[in-house]
Amino acid sequence: MSILQAIVLGITQGVTEFAPISSSGHLILVPWALGWPILADPDLNKTFDVALHIGTLVGALAYFRADVARYTRAWFRSARHRRMDGADERLAWALVVGTIPGVIAGALLEGVVQEHLGQPLLIAAMLAAFGILLYVVDRRAAQRRGITDLSVRDGFVLGVAQALALQPGVSRSGVTITAARAMGLDRSSAARFSFLLSLPIIAGAGVYKGFDLLRTGIPPGMGGPFLWGFVSSAASGFLVIAFLLSYLRRHDVGVFVWYRLAAAALVLGIVLGGLRPAGA
């Protein structure tokens, strides 16, 4: 892997982790479409994925540092007093409870996802199907609630939705924004809670995969690409969060839906044209 490839994949991870277009899907589709060999080396792919996830986490934590501190204090305060007083404590518990479905699903289905659910045509189908669902829900749902109106039960429901994103192409942010919009949250609030809810999952994935990296070490000659993948993922993640929260205050999700449909069509065209095999 070259440094240029690492930067491209880092930017891909940082942008698509939070834009509702599927990071896991793009991290398969981009090297597949460009014929890069990383997909043919499962060990390299798995270890490099650690650098990208930790980079994304660092960028997101840098942006949400005040929110993370605020809700962490609120959770400990609530746990100490054994009650929930106010929106901050309720949201803190919503984030904790909402993380549970994704953790359980990830632990049970990680092998199935890696071995059977990463085929480009399946990813393309998920991009299209969940993109259309996002568009329909966003167009029809009211914007009558803000993030402070969320309950713990709402957090759990959004966590179940987030768990669906184990399937590459669904999009963690896309499916949670869809569910939040169906609950009546405004677009910016839906995106903000979606991003906050992703932080424990991204952190957990980074730590879990990081143990393997500590055991095996960075492959020889890969220090530079790992560093640049980390940096580009962190920087692009930070910037895209800032952009999306501002963009969604004034615009709908149409541009992301059109992108998902175009990406799905491109994958189909590549396969039908014989330019790349249907398997990853």
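Miscellaneous remarks
- Residues that are closer than 28 Å to residue 105 by Cα and free of Cβ contacts under 8 Å to residues at least 24 places away in the same chain number at least 1 in the following helices (runs of 4 or more DSSP H) confined to segment 177-280: 187-216.
- Some residue of segment 44-65 being surrounded by fewer than 20 Cβ atoms within 10 Å (Cβ to Cβ), touching a residue at least 12 places away in the same chain (Cβ under 8 Å), within 23 Å of residue 148 (Cβ to Cβ) and more than 17 Å from the chain's Cα centre (by Cα): no
- Residues in segment 173-199 that are among the charged types (D, E, K, R) and over 18 Å from residue 64 (Cα atoms): 181, 186.
- Extreme residue, farthest from residue 265 (Cα to Cα), among residues of segment 134-150 that are touching a helix residue (DSSP H, G or I) at 6+ places or on another chain (Cβ under 6 Å) and assigned to a helix (DSSP H, G or I): 148
Computed from the coordinates by the stated procedures, all read-outs in this text should not be read as laboratory data. What you see is a predicted model; the values in this text were computed from it and never measured. When we count neighbours, we look across all protein chains shown, and the Cβ atoms used for this are built from the backbone with ideal geometry, even at glycine.
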